[in-house]
Amino acid sequence: MTAAPRDPRIIIIGAGVAGITAAHTFTQAGFTKLTILEKGSDVGGVWHWNRYPGLTCDVPSQIYQFGFAPKPDWSHMWASGSEIQQYHRDVLERFGLDRYLRLNAEVVAAEYESADGGQQWRVRLADGEELEADFVICATGVLHHPSIPDIPGLESFSGEVVHTARWDDSVQTRGKRIAVLGTGSTGVQVVSALQREAAHISHFVRSPQWILWAPMTLRQPRLVAELLRRAPRAHDAVHQGLLAFSGVLADVVLRPTWRRRAVQEYARQSLRAQVRDPKLRTQLTPDYQPLCKRQVVSGTYYRAIQRPNAALVTDEIVEVTPTGITTADGRHHELDLIVLATGFAAHNYMRPMHVVGRDGITLDDAWVKGPKAYRMTAIPGFPNLFTVLGPNSPTGSISLQYSAERTSKYLLHWLRKFADGSVSAVEVTEEATDEFNAGVIDAMAPTVWNTGCNSWYLNEDNTVDLWPYDRATLATMLSVPDPRDYRITR
Ligand SMILES: Cc1cc2nc3c(=O)[nH]c(=O)nc-3n(C[C@H](O)[C@H](O)[C@H](O)COP(=O)(O)OP(=O)(O)OC[C@H]3O[C@@H](n4cnc5c(N)ncnc54)[C@H](O)[C@@H]3O)c2cc1C
């Protein structure tokens, strides 16, 4: 890019996959007045905040990487959380993005100021410092705020209580009597890991999940890493091949074809083949279709839950007492440690930041019925503010790195228009946003997420907050912005 007549001041909030992708895309295009504000003490987003035992990627690592930063030498086919976080640190350093980064910088408010002389965003940090920006990019993560269950007596427990998303490394697990609450990927991973060292582990399950078997502890052979390192083209082909294959998997969730039925049958077989006891198998059988919730993948869970020191508890939790958990059957489970693998308040996305857009409209008002955006990125009433991996991001179908990259490249269009002086503010229209969201609801009809299970994918109004289209549609929708969908101030 040639020297920009006015280089936009850009603030990116969050240094996870989305923030790093946006920063890389913008700097590669020549935009360098950039600040990445990250409230955590390190980068990596979920891979920084989640450090519980057993954390691994649930998709093959050769997919879960930035297209611009291929990594041939993952130690495992499904890498551990710590290895993924190290990768994020390395990428920041390798591309010189760390020079724009401010850690321990929590944004508490962002306000759009518009006056005769122009307009800008004023961003306030928790310590009171204020920064100004022409563009604000929210990359704050959908799965960020831990959800704490409202169980009577939880605070009275005399042992330790830890949420998996805020793991405390000082917590001792060896030889302890442990309860794990929650059955998503995290619950399954943490039970598999802790069972090996616990005196006893009880997995409290309100609604079991389908668990696809995969050899997730498989090491990536050194020879493969060496070959991929020496032959970047072959590595790229592997990456692209896996992305294409994941496109087939996306088809499985998007359309009710024989492929979906085959994967669903595989999920049922995964359970049948690994759990022989009919009573336990019944307890582990969900009452909804496989793939309806975020799919859990594990090669170890069913084995772990059948070990002598493990128990599945399906009776409802009545209360927590100082010594343990009492269930509806009257039983009291004596415990030393309660692990909450109870997920996230996904619809708190971008909050508790106080975001005020044009004419005093707040994000809380705009999103009273849950987060909604135009093509995952633009919100009416909030000029020059965009999200990356925002509402409707394709969790569970398309690579998130790919989606973040497409969104960031799409936003380059407006940054360039700002830089050449042809646009000073841009805001998506209500009509375009409503039309997009109506399309999403229609397109969601044949997806498996819409087959009647209760999951964090659902909004307050019961619509599914995911991406119902394939990768090609995503690329088309995020190619070049349609000016008719935006209100433009020159
Ligand atoms: C435990 C776990 C495992 C997962 N495993 C997989 C997987 O295997 N495969 C997969 O495809 N997806 C997985 N995901 C989904 C995951 O959310 C995405 O893959 C991706 O990491 C999301 O990146 P992000 O940048 O959008 O959000 P995040 O990674 O959440 O990053 C957002 C960042 O914004 C920061 N932030 C938030 N608010 C503020 C603020 N006010 N001020 C400053 N900074 C702020 C946060 O501290 C955080 O660092 C997993 C999620 C979790 C929670």
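Annotations
- Secondary structure note: in the chain, about 45% of the DSSP beta bridges are antiparallel.
- Restricting attention to segment 72-207, close to 70% of DSSP beta bridges with both partner residues there are antiparallel.
- Rounded to 0.05, the FRET efficiency of the THR32 and THR217 pair, given R0 = 35 Å and the Cβ-Cβ distance, is 0.25.
- Prolate/oblate/rounded call for the chain, Cα gyration tensor, a/c under 1.5 rounded: prolate
- On Cα atoms only, tilt of 81-94 relative to the major axis of the chain in degrees: 20
- Cα centroid of segment 302-332 to Cα centroid of segment 374-423, whole Å: 45
- Length-normalised contact order of segment 153-228 in % [C-alpha pairs under 8 Å, at least 6 apart]: 27
- Three-way shape call for segment 270-320 based on the alpha-carbon gyration tensor, with the a/c threshold at 1.5: oblate
- Percentage relative contact order, the chain, counting C-alpha pairs under 8 Å, at least six apart: 21
- Pairs beyond 29 Å (Cα-Cα), from LYS293/LYS417; LYS33/LYS293; LYS39/LYS409; LYS71/LYS369; LYS293/LYS369: LYS293/LYS417; LYS33/LYS293; LYS71/LYS369
- Taking the C-alpha atoms only, the angle from helix 185-194 to the longest principal axis of the chain is near 50 degrees.
- DSSP-defined antiparallel bridges as percent of all bridges, segment 1-141, nearest 5: 55
- Estimated purely from DSSP H runs of n ≥ 4, each contributing -39500 (n - 2.57), the mean residue ellipticity at 222 nm for the chain is -9000 deg cm²/dmol once divided by its residues.
- Disulfide-incompatible cysteines by the Cβ rule (no partner under 4.7 Å) in the chain: CYS57, CYS138
- Folded to 0 to 90 degrees: helix 17-28 orientation relative to the chain principal axis, Cα: 30
- Using C-alpha pairs below 8 Å separated by at least 6 residues, the relative contact order for segment 4-78 is 27 percent.
- Three-way shape call for segment 1-153 based on the alpha-carbon gyration tensor, with the a/c threshold at 1.5: oblate
Just so you know, all these numbers are worked out from the coordinates, no wet-lab data involved. All values derive from a computational prediction rather than experimental measurement. Backbone-built Cβ (ideal geometry, glycine too); neighbour counts: all protein chains shown.
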